[in-house]
Structures are given as structure tokens and as C-alpha cells.
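Report on one structure; see the data block that follows.
The values are calculated or read from the model by the stated rules, or taken from the named source; none is laboratory data. Everything quoted here is computed from the prediction, not taken from an experiment. All Cβ positions, glycine included, derive from the backbone under ideal geometry; neighbour counts span all protein chains shown. Surface accessibility is based on the protein's heavy atoms, side chains included, excluding ligands, DNA and RNA. Shrake-Rupley method; radii C 1.70, N 1.55, O 1.52, S 1.80 Å.
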Amino acid sequence: MRRDRTSEYAWALYDWANSAFATTVMAAFFPVMFKEYWCAGAAVTESSWRLGVTNALASAVVMVLAPVLGAIGDRSGTRRRLLFAFALLGIAATGSLTLVGRGDWVLAALLFVVGAIGFSCSCVFYDALLVQVAAPDRIDRVSSLGYSLGYLGGGLLFVLNVCMVQWPAAFGLADQGQALHLAFLSVAVWWLVFSLPLLRWVPEPAVTGSIQGVAALRAGLVQLGQTLREIRRTRAAFLFLVGYWFYIDGVDTIIRMAMDYGLSIGLDRNDLLAALAITQFVGFPAALLFGVLGERLGARTGIFIGIAVYVGITIWGYSMQTAAEFYVLAVAVGLVQGGVQSLSRSLFARLVPAGRTAEFFGFYNMLGKFAAVLGPLLMSGVGLLTGNPRTSILAVILLFAVGGLLLYRVEEPPRIAAAD
């Protein structure tokens, strides 16, 4: 297949497109609307429990679907079409959130689950198309382009949405409630428009002996089983993946539940939205700095530093009283969030046996994108049982502790061996 810069940019723009859902919907505005509008009248711990179950359900469904869909896409040669089909599913569900009435939390939760499934499953095929659009010597650069455009695009639309909520009259809106509703529609339109370049300029890769329908499903399941058995035989990689599952679940839980937690302890919504915008823009340069840290101290040490900072964030969050403290914690999250993600990827790359990169990273990407199952349930469940939303955040420490202990048992390969 002919590779050119147009297909690279078109591919990377999908990260710009779908990151609006991750930032505006998943991390910020859905938790606000869920607690203040769709769960109006419910106790703060009850609404947090409902949100936690919703997030966990979405992640669990994707965990089941993602590896099977990836294998089907590989065998049937329909990755681009499946990407766009799931993107449209997510876009439709996101836009429909605009129409959900006050108190109808069940419908809001179901639409969010469908939107999250569309978002996450489309990313399965998006990742798989990287090797089709980028030459081997440009994969790292093109992957980084998508990563950076995701931070930038998601951040820009989020800032616009925050401005709409802060100053609705300036946008011709009646009030903040109308601005919050309109934010979901803006994400749907943004996601759709910036997905079109991928559909137009990223060609479907040719697959020798492609199969369809039930045969593709059966072949995909067989391939999935073979890959899982191979991973289990590689002890270091398997142990890392289990540890990664726990601590990245903690990272994702902080991202998804931070807004709900801040509202539950009485902080102002506008301060919380502004703080999350800061996190978005701090994250990317901080990830680059963590790359330097990993080169000097080792990737595993860098991840340990990030986990330690997250533990400190959760402990401070328990006693947090003011919006100013939330701003400080938001900056702290931004400083380590991208670093933990980037160093985890580089460490795992050095644990993968030669010639098995694609299938091993399929599982790694699955865990990284769809981890938040245990954390939201654990956090919201503790809050519901104790009746105190502050105790809920301490439960996340368990995820970081287990993940850190498992990571400690993973021996980092010498850099010279990896270079060889």
C-alpha cells in the first residue's frame, strides 16, 4: 500500500476528533450533568455509586468486545469500516444526551455506556491502522502526532465548552444549563467532522484470504486464544500487564471520578471545570519530561515516582477543603498522568519477545484504554457504604499499591540489551 503524508495526517486527525469525548464528556460534563441534573434529588453518595457503576459497565463491555473485534478486523479486512461504524454509534449516543430530561438518569447512563463503547471500540481499529499509514521508520513520529493532536484538539473544544458554561450570554445561550446540554452536541459534531478525513484518505488495507461473518468471528476467537497463551508463557510481560491493569485502573479512576468527587464534597462546578482544563494542557509537556526522567533513572523508576505522586494526591484529596487545593492537585495529576502512560509503554516494549510486538501490544492497548472497571466500583461503593464521599477516594490507593507491588517484581531489561 502506498504511504504518504496525507494519510498520516488524516489518521492522526481522528485522535483530534475523538478526544473531545474523552475530555468534555467522560471526564467533565457528563459527571456534572449526571449528579446535578439527571440524578437531581439523590444523595451525593448514591449518585456517585450510579456513576461508578455506569463507568464500570462501559469498561467491562469494551473489555469483552475489544480483543475479539480487533482479531475480526485483522482477519476480515474491515478495520476502517468498523472504526467508522463504532464512531457513528458513539457520535449518535453523545448527541442524544442533549435530549435527556431532568431526573432520567437511567437513560443518560445507557447513552453514556453506548457512547463509551463506540469511542473505545473505534480506537481498536484506529490503533491497528497505524502500521498501514506510517512507514516503519515513521511509526513513532506518526503515533506521537496523533497523541499530541488528541491533547490539543480535546483541550481546545473543552476550553470552548467551559467558556460557554461560564459566560452563556456571550454565546447567545439562556443559561448554564443550556450551555451544558449544547456541549454534548458540540462534541458529536466535532467528532463527526474530524473523522471524515480518515474515511476519505486512509485506505482499507488489503488482507490475503479475508473472511467475513461467522467465519471471521470464529477465526478471531482462535487468534485471541493463541495470543493469550503466548503472553502467559512470557512471565515478565504477563506480570507487568497484571500490575499495569491495577495501577492504570487507578489513573483512569482519578480521571473519570475527579469531577464527581469534587462536586460531592461541595466544591464549585466552575472551579472544577477550569482545573480540569489545566490538567489537559499540563499533561503533554509533562509526558515529554518524564521521557527524559526515564532515560536517566529507568522507566520502572519513573513509573514508581508517578504512582507515589498519585498516592499523595489521593491522601491530600481526602482532606481537601478549597478550590485552590483542587487546582494544585489538578496540576499534579497533569504532571504525572502522561508520564506514567508513556513510560509504561516504553517499558513494556522492552519486555515483548522479538517478533511478537503487534499481538502483545494488542493486549496492552486493550488494558490501557479500557481499564477503569474496578476503580469506579471500588470508589463509589466505599462512599455508598460509609455515607462519606471523602473516604471513597482513599480506596483508590489499593489499586496503586497492588499495581506497584506487581511492578516491583518485574525486572527491567538492561538498556544495552534492548538496543541490541
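With r as the distance between the Cβ atoms of Ile397 and Ile278 and R0 = 25 Å, compute the FRET efficiency 1/(1 + (r/R0)^6) and round to 0.05.
Once rounded, the FRET efficiency stands at 0.55.
Using alpha carbon centroids, what distance separates segment 231-257 and segment 93-160, in Å?
21
Can you work out the Karplus-derived ³J(HN,Hα) for every residue in segment 194-203? Use 6.51 cos²θ - 1.76 cosθ + 1.60 with θ = phi - 60°, whole Hz, and x for glycine or proline.
Going residue by residue, I get 7, 7, 4, x, 5, 5, 7, 10, 9, x Hz, with x marking Gly and Pro.
Can you tell me how much longer the chain between Leu185 and Arg200 gets when fully stretched, taken as 0.36 nm per residue apart minus their C-alpha distance, in nm with one decimal?
Taking Leu185 through Arg200 to full extension adds about 3.1 nm, to one decimal.
In segment 34-179, what is the volume of the convex hull around the alpha carbon atoms, normalised per residue and reported in Å³?
Spread over its residues, the Cα hull of segment 34-179 gives 135 Å³ apiece.
Under a Cβ-Cβ cut-off of 14 Å, what is the net charge of the residues other than Trp105 that fall near it, where Lys and Arg count +1 and Asp and Glu count -1?
-1
Can you tell me the Rg and the Dmax, both Å, for the Cα atoms in segment 219-325?
18.3, 55
Mind checking which of Leu276, Leu289, Leu149 has the largest fluctuation in a GNM of the chain, springs on alpha carbons under 10 Å?
Result: Leu289 has the largest fluctuation of those listed.
What is the ratio of the Cα radius of gyration of segment 262-315 to 2.2 N^0.38 Å, with N the residue count, to two decimals?
Cα Rg divided by the expected 2.2 N^0.38 Å: 1.45.
Give the calculated FRET efficiency between Ala174 and Leu107 to the nearest 0.05, with a Förster radius of 35 Å applied to their Cβ-Cβ distance.
Calculated value: 0.90.
Taking only Cα atoms and a 10 Å spring cutoff, compute GNM fluctuations for the chain and point out the largest among Thr23, Thr391, Thr227.
In this elastic network of the chain, the residue with the biggest mean-square fluctuation among Thr23, Thr391, Thr227 is Thr227.
Using a 1.4 Å probe on the protein chains only, how many percent of the accessible area of the chain belongs to carbon and sulfur?
Percent of accessible area from carbon and sulfur atoms in the chain: 66.
List the residue ranges in the chain for DSSP H helices whose C-alpha atoms run 15 angstrom or more along the long axis and whose Kyte-Doolittle average is 1.0 or above.
Qualifying helices, which must be both long enough and hydrophobic enough, are 105-128, 139-166, 176-193, 269-297, 299-319, 323-351, 374-386, 396-408.
If I model a spin label as a point 7 Å beyond the Cα along the Cα-Cβ vector, how far apart are those points for Glu36 and Asp268 in nm?
1.2
Identify which of Ser143, Ser122, Ser59 has the largest mean-square fluctuation in a Gaussian network model of the chain, with springs joining Cα atoms closer than 10 Å.
Maximum among the listed residues: Ser143.
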